[in-house]
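Undergrad: One structure is given below, represented as structure tokens, and several questions about it will come after.
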Amino acid sequence: MKRIILSAFLVAILSGCNSFLDLKPIDFPTEETFYTDVKGLEGGIIGAYDELQSGDQYGAKFMTLMETRGDNVKNDNSGASGGITYQIEVFTETPANSNLSGSWLSLYTTIYRCNLILQNMDNVQMNDDQRTKIAGQASFIRALCYFNLVRLWGNVPVITHTQTVEEARNNKRAPVSEAYAQIVKDLTVAKALPATWPEQERGRATSYAAQTLLAKVYLYQGKTADVITELTPVVAAVKSGKALSLVPMPLTFPNDLKTSKDIIFAVQYLKGGVGESAHQNNRYRNNDNGNIISLEPGEFESNADNRKALVAPTGSGQRPGKFNAPATNNETSADFPVLRCAEVMLMYAEALNETTLTPTQGAFDALNAVRKNAGLSVKSMAELPTKEAFRKAVYKERRLELALECDRWFDLVRTRQFATVFPGVDAYRQLYPIPQAEIENVNDATGWQNEGYTIK
């Protein structure tokens, strides 16, 4: 997405408005003058995309919270940075852990930027196409942020407009159901986005991205019929091979994320020290050189699996093959994939299987499409005769296909594998503690901390 920032007027806009992109009240003067035309709104959109690139989100900390927490990555440096990453690894984190406060603040910063756009755009003259694109992108980004928030923390404040300091101090945590309702509402708006963008604007959210994310949201809610409804046109697009397509992993990673048809939405970066690209050197190393890839090679069926080498175990401080793109000034241009066609097929297979008593041919077709794309033989009804057997096969395929893409931890929780993979770990650890700094900022801390964690 940084390629979009490079147009001259956006550079000028963003360089002059850093002060108002903090969480300041809505009556801050710059806000009154910035969102008065399409150019200002478009600059705000770029600011929202930009925050997704932050080291507090897909640039680094999400790797800790969503992968190191699972069983594909581990932290091998218990003393670095006061042990804050190792705490996540071994389930001893406290509300004071800065990984948590950094990601929380960054997610709400992104939401704040989206809220500014959405609440000001009605006062700006523009044509219907411009309005659809601006509203759709801001809504998609806000939905993605809330989806990450509820998966990390459960009940969270649902804020859809900018607030004064006093309003913010009176925020309450909303039920997960309320957050999901807002996510669905936002993604319904985003579904009106174009299916594709001109090449120079590639990387923006699309209708396919909105449908895929909405299907994923429904999957987490157990609404499998809705998953199928949302994914049916996306699956058709993948099968057509035009805008979307399954692509063998070596042709998508590590160099071709920007052009692979397998990518539905990715957080994009440029190499060479431009803005947020500096975080790329630290996404897996997390600044302390302690993260290593621990997914065992034996989990793969054979060396024919074209995904195996890209997630081979690494030593401390090494980038995995999956994201080891060429570097300039020791920084890579590797984008971070958020939604891919391969996951579409796996979600579709899972949803189809959950709606029938035994696996259907459609479910096998979707699962086997991913397997064939990985260079593997197809699975048959004789091998996976029951719903339970098929379900396990999908879960296994998700682990291998989406390794290191910030899904594994959430999958372990969503599919109720947590207790099996982490025996003896308290169940409350499936949600992170609310950052202590946030609790200290509210007037009434009642109900603010998750079960199992203490409020000081």
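Undergrad: Part of a helix (DSSP H, G or I) and surrounded by 22 or more Cβ atoms within 10 Å (Cβ to Cβ) - does that describe any residue in segment 330-342?
TA: Yes, because at least one residue in segment 330-342 is part of a helix (DSSP H, G or I) and surrounded by 22 or more Cβ atoms within 10 Å (Cβ to Cβ).
Undergrad: Continuing with the same structure: Can you name the residue in segment 245-267 that is assigned to a helix (DSSP H, G or I) and in contact (Cβ under 8 Å) with a residue 24 or more places away in the chain and, of all such residues, is nearest to Leu346 (Cα to Cα)?
TA: Met249
Undergrad: Same structure, new question: How do the helices (runs of 4 or more DSSP H) wholly within segment 1-113 filter down when requiring 2 or more residues that are at pLDDT 80 or above, on the phi < 0 side of the Ramachandran plot and in contact with a strand residue (DSSP E or B) (Cβ under 7 Å, 6 or more places away or on another chain): which remain? Don't jump to the end; show me each part of the working.
TA: On the way: elements: 2-5, 8-15, 29-34, 38-52, 84-89.
Of the helices (runs of 4 or more DSSP H) lying wholly inside segment 1-113, those with at least 2 residues that are at pLDDT 80 or above, on the phi < 0 side of the Ramachandran plot and in contact with a strand residue (DSSP E or B) (Cβ under 7 Å, 6 or more places away or on another chain) span 84-89.
Undergrad: Filter segment 215-244 for residues that are without any contact (Cβ under 8 Å) to a residue 40 or more places away in the chain and among the aliphatic types (A, V, I, L, M) and give the result.
TA: Ala236
Undergrad: I would also like to ask the following. Just one of (1) within 19 Å of Glu199 (Cα to Cα); (2) surrounded by fewer than 20 Cβ atoms within 10 Å (Cβ to Cβ); (3) modelled with pLDDT of 90 or more; (4) not aromatic (Phe, Trp, Tyr) trips up Ala237, so point out which.
TA: (2)
Undergrad: Now, a different point. Would you point out which residue out of Ala366, Ala403, Ala419, Ala427 is surrounded by 16 or more Cβ atoms within 10 Å (Cβ to Cβ) and under 23 Å from Glu67 (Cβ atoms)?
TA: Of Ala366, Ala403, Ala419, Ala427, the one residue that is surrounded by 16 or more Cβ atoms within 10 Å (Cβ to Cβ) and under 23 Å from Glu67 (Cβ atoms) is Ala403.
Undergrad: In segment 407-424, what residues are over 16 Å from Leu219 (Cβ atoms) and in contact with a Phe, Trp or Tyr (Cβ under 8 Å, 6 or more places away or on another chain)?
TA: Filtering segment 407-424 down to residues over 16 Å from Leu219 (Cβ atoms) leaves 418-424.
If the condition is that a residue be over 16 Å from Leu219 (Cβ atoms) and in contact with a Phe, Trp or Tyr (Cβ under 8 Å, 6 or more places away or on another chain), then Phe422 is the only one that fits.
Undergrad: Also, quick follow-up: I'm checking my understanding of the structure. Among residues of segment 193-235 that are closer than 28 Å to Asn353 by Cβ and part of a loop (DSSP other than H, G, I, E, B), which one is nearest to the chain's Cα centre (by Cα)?
TA: Filtering segment 193-235 down to residues closer than 28 Å to Asn353 by Cβ leaves 195, 206-235.
From the residues that got through so far, the ones that are part of a loop (DSSP other than H, G, I, E, B) too are 195, 206, 221-223.
Details: Ala195: 20, Thr206: 15, Gln221: 17, Gly222: 19, Lys223: 20 Å.
It comes out as Thr206.
Undergrad: Could I ask something else about it? Within segment 249-272, how many residues turn out to be over 16 Å from Arg202 (Cα atoms) and of a type in the set (Lys, Arg)?
TA: Total meeting the criteria: 1.
Undergrad: Taking segment 406-416 as the search range and keeping residues that are touching a helix residue (DSSP H, G or I) at 6+ places or on another chain (Cβ under 9 Å), farther than 24 Å from Thr252 by Cβ and not polar (S, T, N, Q), which one is surrounded by the most Cβ atoms within 10 Å (Cβ to Cβ)?
TA: Looking at residues that are touching a helix residue (DSSP H, G or I) at 6+ places or on another chain (Cβ under 9 Å), farther than 24 Å from Thr252 by Cβ and not polar (S, T, N, Q), I get Leu412.
Undergrad: Ok, one more. Take segment 438-455 and flag every residue that is part of a loop (DSSP other than H, G, I, E, B) and surrounded by 12 or more Cβ atoms within 10 Å (Cβ to Cβ).
TA: Of everything in segment 438-455, those that are part of a loop (DSSP other than H, G, I, E, B) and surrounded by 12 or more Cβ atoms within 10 Å (Cβ to Cβ) turn out to be Glu440, Asn441, Val442, Ala445, Trp448, Gln449, Asn450, Gly452, Tyr453, Ile455.
Undergrad: Can you work out which of the residues in segment 258-272 that are crowded, with 23+ Cβ neighbours inside 10 Å and at pLDDT below 90 is farthest from Ala374 (Cα to Cα)?
TA: Per the criteria, the residue is Tyr269.
Undergrad: In addition: Is it the case that some residue within segment 369-392 is crowded, with 21+ Cβ neighbours inside 10 Å, modelled with pLDDT of 95 or more, within 30 Å of Pro320 (Cα to Cα) and touching a Phe, Trp or Tyr at 6+ places or on another chain (Cβ under 7 Å)?
TA: No - not one qualifying residue is present in segment 369-392.
Undergrad: Being farther than 21 Å from Gln163 by Cα and small (Gly, Ala, Ser) is the filter here; which residues of segment 423-446 pass it?
TA: Gly424, Ala427
The values are calculated or read from the model by the stated rules, or taken from the named source; none is laboratory data. Small disclaimer: the values here were computed from a predicted structure and weren't measured. Backbone-built Cβ (ideal geometry, glycine too); neighbour counts: all protein chains shown.
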